Structure formats: structure tokens, C-alpha cells
Amino acid sequence: MNSNKFPHLLNHDLSFVLLMGLLSRGIILLAMWGIAPFLPVPEGSIPPEIGFQSFAWWDGEWYLEIATQGYSYAEDGQQYSVAFFPLFPLLIRLLMSVGVSPPLAGTFINNLAFFGALWLLFVWVRPRYGGRVARWTVVALAWCPYSLYGSMVYTEGLFLLLTTATLWTFERGNYTQGSLWGFLATLTRPPGVAMIPGFFWTAWGKRLSWGAYGVCGAIALALLLFMAYCGWQFGEPLAFVKIQETWGRSRSFDLADWWRILMYVVIGVPNYDAGYIKDWTHPLIVLLIFILGGLLWTVRHQFTALSSYGGLLLVVVLWLLGGDPFLTLCMVWGGLYLLWRTRHQLSRPVLLYGVFSFALILTSGRSDSSERLVYSIVPLAIATGLTLHQHPRWGYGFIGLGAIILATLAIRFAQQLWVA
């Protein structure tokens, strides 16, 4: 893609980042407030609300509970708020102290952090890979359907901003700032500890100063402080780990669960649930898609446009067939492939952070929410930007399809239906 093909506005870096963020957030707002309230209410959902409370369902309700009532925990098999880390609800509480309503405070903080993450990621990527890769990286982060959670009362935007800041400052050798951002990132979500192996290995291999090891210590300190709080408040330092069992999470790789997700896509949910192929329509269509995909791959050099747009069409059909399970497979296993594919282009701390983040997700004992958690791995956005830069037609399709799926997920979220 020639950057000169962009309109003048898009050639201005900050304008481009803001435009990508505002357009993608505008689709979310339109879907939640302009479309969802006027649709028939699906069975098992509620009539959508027009207001900031509509941004605070599911995990958002837990964060608001912590901000307004504090933490809770008991060993009785029920779910409690100690599963969620404290920085985000603390920031919500801070805005509440000046009169901002809890849902508005959470929405504002996460959206502000999301836009900050887009800009900081652009600033970080541009000197290393060039402006076009930086723009495609912003596109990847803004138009991924699970960027929905960069605008809800969730921690995706804040975690992306803080992990990006930590990785960027570490690579620049600013270990004091890296320690601060790493500490705050882990206070936001425990997967922040996945940055430690890459930092430690880099510091050891390059014989960096003790400050580099200090970043690792600051990240670990955040975890230790929350453990100390849990021990003081509830008499159980690992309360935030033990409570994960009530959400069905454990420290294991559930092969059967991932096989189920794959079969949902390949043969269809009714066939898998029945235990045999009672309707051959779904698997035959999938087989045809793979045959056509193989043919398009063999002629990709002779018919570039045909193979690109034809491949995108096949992806759309697979999404229509496979639904959420297809998106889960794309995000997790497709994301892992992109990380491997671009491994030689990523720096050691960035690559290792991505690898260990995927390892934490895949050994969590369940596939639920894995697609959302993968979205928060900033090295994946860079890997996607590198790939879309090489295949801009895929990038245009990514924006179009991403916008459609983003709108459908936003409508479902507004209806309090499970998304991720």
C-alpha cells in the first residue's frame, strides 16, 4: 500500500489515529444506542438501555461493585469480586469522589486509555518499522471486533496502554518509567507478569544495568502487594487465584474444550451435540471452503486480487457458519500463528511477552473469554500490523468485516447477551 493513496487527513499521524479510534467507537455507540434499543428483544436478554449503564454489564458490574463497596471473598463456591485487580476500580473511585457516576467514570477511563494506547503504540512502532506498519498496527487494534472492550467498563484499554508503555520504555532503556508502568499494568491485570521472562532474559543476555532487573521486580511487587492485601483482608493471600475455580478456570490445557470449539466450526453444533453427522450440509460447505481456499492459495501469485478478495469472501462464509467459535479459533490460534510468523521481526521482550501471555491463556482451563484476553496482548497487534502491511487488501477486508462483527457484538452486549 502506498501511503500517498491516503487522503491528506490520514497522512497526518495524530489525525489518522484519532480517526481510526473515533470511527470504530462510533460504530459501537451507534449499535448500542441507535440500533439495539429498536430491535426485538431476544429470548434470555433484556431491553437495551440508552445510557452509560449499558457499558457496564458482566465484568463491568464487578468493577463497579469494587469501586462502590470494596472487595468481597468467601470460600463457599460462589463468585466474589476479589478475582479482579484493583487499579481500575481505584481510578473509578477517584472520579466518583468528584461527582462522576460510576458507569460514566469507568467508561471514560477505559476509552481515554484506549485512545492513549492507540497513539502510544503508533509512536512506538513507527521508528522501528515505518509509518505504514504503524498505521496498520493501529488499524489492527482499533478494528478488531474485540476492541469493543476498549470502550466498556472493562480493563482492556487501560491494560493495553500500560503494557505498551512498559514495553516501550524498557526498550528505550528508561527503566524507572518502565518499573512504574509495569507495576501499574500488573495492578490492573495479573497477566502483566508475563512481561517478566522477556525482560529478565533480555537483561541477562545483553548484560543490561540493574535497572532492567528492577522493572521485573516492580512487576512482581504489584502481585505481591495484592497478595498481601488478600492475606490481611481475607486471611488468604491467594484468594484471587482460588476464586478463579468458581469461573471454571484452572491451571491446565483443556484439549477436549478446544476440540469441541473446532468441531463446532467444522461439522456444526447440532452434529457435534448429537454425536454423529445427522445433517451433512454444514461439513460439506466447510469442505468446499477449504478446497476453494487451497485453489486460491495455489494461484495467489498469478491472480493476486482474486486470491485476496476470494479468500476474504471464504472467511466471511466461515464466520457465518461458525459464529463465535470461529472467531475464538481465529483470535487464539490464528493470533499465535501470526506471532510465530513475525517472530524474527519482533524484539525479544516483545516476542516473549506475547508467548508467555498466550501460554497463560491456553493453560487457564477453558476457552471462554480467551479471544478477549488475546486481544489485550499488544505484540499481537504489532504482528497483525506487520502482516497487513504486506497484504493491504486483507487489511481493507479486515476493516470492513471487523466493523460488521464489531457492530453485532456491541448489539449483543447492549442486550446483556454473552460476547466474550
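Suppose a student asked you for the relative contact order of segment 122-206, using Cα pairs under 8 Å spaced at least 6 residues apart; what percent would you report?
18
Give me the 1.4 Å probe accessible area per residue for the chain, excluding ligands and nucleic acids, in Å².
45
Ranked highest first by the average count of other Cβ atoms within 10 Å around their residues, in what order do 290-301, 326-337, 386-397 fall?
Packing proxy ranking, top to bottom: 326-337, 386-397, 290-301.
Give the relative contact order (percent, whole number) for the chain; include only Cα pairs under 8 Å separated by 6+ residues.
Contact order relative to length: 22 percent.
Residue 364's amide H: which non-local residues (gap 5+, or another chain) put their own amide H closer than 5 Å, with H modeled 1.01 Å from N in plane and none for Pro or chain starts?
So residue 364 has HN proximity to 252.
Carbon and sulfur atoms: what percent of the 1.4 Å accessible area of the chain do they account for?
Exposed carbon and sulfur together represent 68 percent of the surface.
So how long is each side of the chain along the principal axes, counting just the alpha-carbon atoms, biggest first, in Å?
62, 51, 41
For segment 363-371, what does the Karplus curve 6.51 cos²θ - 1.76 cosθ + 1.60, with θ = phi - 60°, yield as ³J(HN,Hα) per residue in whole Hz, taken in order and with x for Gly and Pro?
Once θ is set to phi - 60°, the couplings for segment 363-371 become 9, 8, x, 7, 8, 4, 6, 5, 5 Hz.
So for segment 85-231, Kirkwood radius off the Cα pairs, Stokes-Einstein at 10 °C and 1.306 mPa s: how many µm² s⁻¹?
The estimated diffusion coefficient comes to 99 µm²/s.
The values are calculated or read from the model by the stated rules, or taken from the named source; none is laboratory data. Everything quoted here is computed from the prediction, not taken from an experiment. For neighbour counting, all protein chains shown are included, and Cβ atoms are generated from backbone atoms with ideal geometry for every residue, glycine included. Surface accessibility is based on the protein's heavy atoms, side chains included, excluding ligands, DNA and RNA. Shrake-Rupley method; radii C 1.70, N 1.55, O 1.52, S 1.80 Å.
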